[in-house]
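Asker: Sharing a structure, written as structure tokens. Questions coming.
The values are calculated or read from the model by the stated rules, or taken from the named source; none is laboratory data. Only a predicted model underlies this, so the values are computations on that prediction, with no experimental measurement involved. Ideal geometry is used to build each Cβ from the backbone, glycine not excepted, and the neighbour counts take in all protein chains shown.
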Amino acid sequence: MLDLKSKAGQVSEQGYCVIESVYDEQECAQMRTIFKGLCHKKGGFSVEQSTIGFHPLLEWGPEMAPFYAKPVLVDLMAEVFDDDVRLAHSGAAVFNNALVSPVLTGWHNHYSWQIPETGLQRHNAERVLCNVYVDGTMPEVGPLIVLPRSLNALTDSGGEAKAEWEGQGTVSIPSGSAVIFDTAVWHCSRRGSSDGLRHLWGGHYQGWNNPTPHPEDNTADNSTVTAYKNQLPLLKKLLEDPVN
């Protein structure tokens, strides 16, 4: 059984935690089928379009909504926040390894809030990014690279966006795994050695008692998502304020 307190502690201690094989191969195959259709809607891949993004994902692909209602991930984030969990942003990207540049995404984080002169003085991460790596992050798929940091460590850049940074670590995980990041954590990704597709989706989450807006907030209100909310209480809990 997964030790949620230990995993939440990793988010505080190193800025992220890994939950391997959250989704089984059948679920991953379903996701790839959905994204195949979504990529077709956007015109497919080309030299000019080597990566196809979907923001908000629940607007472009509302059929992905049930995959957000994964109890182990929601329970873990509730432990991180010590609060009920709110899905504040949904998004996805599909990368074509045969067409992308060696650097998929340069070093970046998603904090985007003003840091006081005294630095961060947090008891919990206010917001996390939960990414699902449908195909994993093995060398043939493409590595995920993270700069570990404790909860209130400095958030300054460690160098050039496309360079190697001192202290960086590579996270290698199997297909269907998820990584939960404090949004203050710097991370990047590189092209894999195969010519296949790399599917990445997820969201930004906050506690319901934290109303602070964020530049990457998005919503998706449509009949398909509404129908899924009526079928899946956990999804409804992520999308509707429990107080109202």
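Asker: Tell me which of these T33 doesn't satisfy, since it passes every other one: (1) loosely packed, with under 14 Cβ neighbours inside 10 Å; (2) of a type outside the set (D, E, K, R); (3) in contact with a helix residue (DSSP H, G or I) (Cβ under 6 Å, 6 or more places away or on another chain).
Answerer: Condition not satisfied by T33: (3).
Asker: Would you point out which residue out of L200, L151, L235 is touching a residue at least 24 places away in the same chain (Cβ under 8 Å), part of a loop (DSSP other than H, G, I, E, B) and of a type in the set (A, V, I, L, M, F, W, C)?
Answerer: Numbers: L200 fails: part of a loop (DSSP other than H, G, I, E, B); L235 fails: part of a loop (DSSP other than H, G, I, E, B).
Every option except L151 fails the conditions.
Asker: Does V47 fit the bill of being among the aliphatic types (A, V, I, L, M) and loosely packed, with under 15 Cβ neighbours inside 10 Å? Even if it seems obvious, please write down each step before you answer.
Answerer: Working: among the aliphatic types (A, V, I, L, M): yes; loosely packed, with under 15 Cβ neighbours inside 10 Å: yes.
The answer is yes for V47.
Asker: Filter the stretch 1-54 down to residues that are among the basic types (K, R) and within 18 Å of the chain's Cα centre (by Cα), then give me how many there are.
Answerer: Start the filter on the stretch 1-54 by keeping residues that are among the basic types (K, R), which leaves 5, 7, 32, 36, 41-42.
Still in the list and also within 18 Å of the chain's Cα centre (by Cα): 7, 32.
Residues in the stretch 1-54 being among the basic types (K, R) and within 18 Å of the chain's Cα centre (by Cα): 2 in total.
Asker: Would the stretch 145-164 turn up any residue that is farther than 20 Å from V11 by Cα and out of contact with any strand residue (DSSP E or B) (no Cβ under 9 Å at 6 or more places or on another chain)?
Answerer: The first filter runs over the stretch 145-164 and keeps only residues farther than 20 Å from V11 by Cα, leaving 159-164.
Of the ones still in play, those that are also out of contact with any strand residue (DSSP E or B) (no Cβ under 9 Å at 6 or more places or on another chain) are none.
Scanning the stretch 145-164 turns up no residue that is farther than 20 Å from V11 by Cα and out of contact with any strand residue (DSSP E or B) (no Cβ under 9 Å at 6 or more places or on another chain).
Let's see how each residue does on (1) among the acidic types (D, E); (2) out of contact with any Ser or Thr (no Cβ under 9 Å at 6 or more places or on another chain); (3) assigned to a loop (DSSP other than H, G, I, E, B):
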residue	(1), (2), (3)
H110	no, no, yes
I115	no, no, yes
L120	no, no, yes
I145	no, no, no
A178	no, yes, no
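Asker: The conditions are (1) at pLDDT below 95; (2) on the phi > 0 side of the Ramachandran plot, and L154 fails exactly one of them. Which is it?
Answerer: Only one criterion is unmet by L154, namely (2).
Asker: Which residue, of L76, L104, L99, is buried (at least 19 other Cβ atoms within 10 Å of the Cβ), in contact (Cβ under 8 Å) with a residue 24 or more places away in the chain and in contact with a Ser or Thr (Cβ under 9 Å, 6 or more places away or on another chain)? Write out each step before concluding.
Answerer: Values: L76 fails: in contact with a Ser or Thr (Cβ under 9 Å, 6 or more places away or on another chain); L99 fails: buried (at least 19 other Cβ atoms within 10 Å of the Cβ).
The match here is L104.
Asker: Quick one: in the stretch 217-244, which of the residues that are exposed (fewer than 15 other Cβ atoms within 10 Å of the Cβ) and under 28 Å from N109 (Cβ atoms) is farthest from the chain's Cα centre (by Cα)?
Answerer: D241
Asker: Kindly evaluate F81 against the criterion of being within 30 Å of W165 (Cβ to Cβ), surrounded by 19 or more Cβ atoms within 10 Å (Cβ to Cβ) and modelled with pLDDT of 95 or more.
Answerer: Details: within 30 Å of W165 (Cβ to Cβ): yes; surrounded by 19 or more Cβ atoms within 10 Å (Cβ to Cβ): yes; modelled with pLDDT of 95 or more: yes.
In short, yes.
Asker: Please note which helices (runs of 4 or more DSSP H) are completely contained in the stretch 1-65 and include at least 2 residues that are closer than 25 Å to D182 by Cβ and of a type in the set (A, V, I, L, M, F, W, C). Can you show your working first?
Answerer: Values: elements: 4-14, 25-41, 57-60.
Of the helices (runs of 4 or more DSSP H) lying wholly inside the stretch 1-65, those with at least 2 residues that are closer than 25 Å to D182 by Cβ and of a type in the set (A, V, I, L, M, F, W, C) span 4-14, 57-60.
Asker: Those residues that are touching a strand residue (DSSP E or B) at 6+ places or on another chain (Cβ under 6 Å) and farther than 23 Å from E126 by Cα, I need them from the stretch 62-94; list them, please.
Answerer: A93, V94, listed by residue number.
Asker: Something else about it: What number goes with the only condition from (1) closer than 27 Å to S193 by Cα; (2) under 17 Å from the mean Cα position of the chain (by Cα) that A65 does not pass?
Answerer: Failed condition: (1).
Asker: Then there is this: Please specify each residue of the stretch 170-188 satisfying the condition of being more than 15 Å from F67 (Cβ to Cβ) and of a type outside the set (A, V, I, L, M, F, W, C). Walk me through it before giving the result.
Answerer: Within the stretch 170-188, the subset more than 15 Å from F67 (Cβ to Cβ) is 170-174, 179-188.
Correct list: T170, S172, P174, D182, T183, H187.
Asker: Mind checking which residues of the stretch 80-108 are outside any strand (DSSP E or B) and not charged (D, E, K, R)? Steps first, please.
Answerer: Restricting attention to the stretch 80-108, the residues satisfying the condition of being outside any strand (DSSP E or B) are 80-84, 97-102.
V80, F81, N97, A98, L99, V100, S101, P102 - these are the residues of the stretch 80-108 that are outside any strand (DSSP E or B) and not charged (D, E, K, R).
Asker: Continuing with the same structure: Can you say whether Y205 is surrounded by 13 or more Cβ atoms within 10 Å (Cβ to Cβ), assigned to a helix (DSSP H, G or I) and in contact (Cβ under 8 Å) with a residue 60 or more places away in the chain, as far as the supplied structure shows? Spell out the reasoning first.
Answerer: On the way: surrounded by 13 or more Cβ atoms within 10 Å (Cβ to Cβ): yes; assigned to a helix (DSSP H, G or I): no; in contact (Cβ under 8 Å) with a residue 60 or more places away in the chain: yes.
It is false that Y205 is surrounded by 13 or more Cβ atoms within 10 Å (Cβ to Cβ), assigned to a helix (DSSP H, G or I) and in contact (Cβ under 8 Å) with a residue 60 or more places away in the chain.
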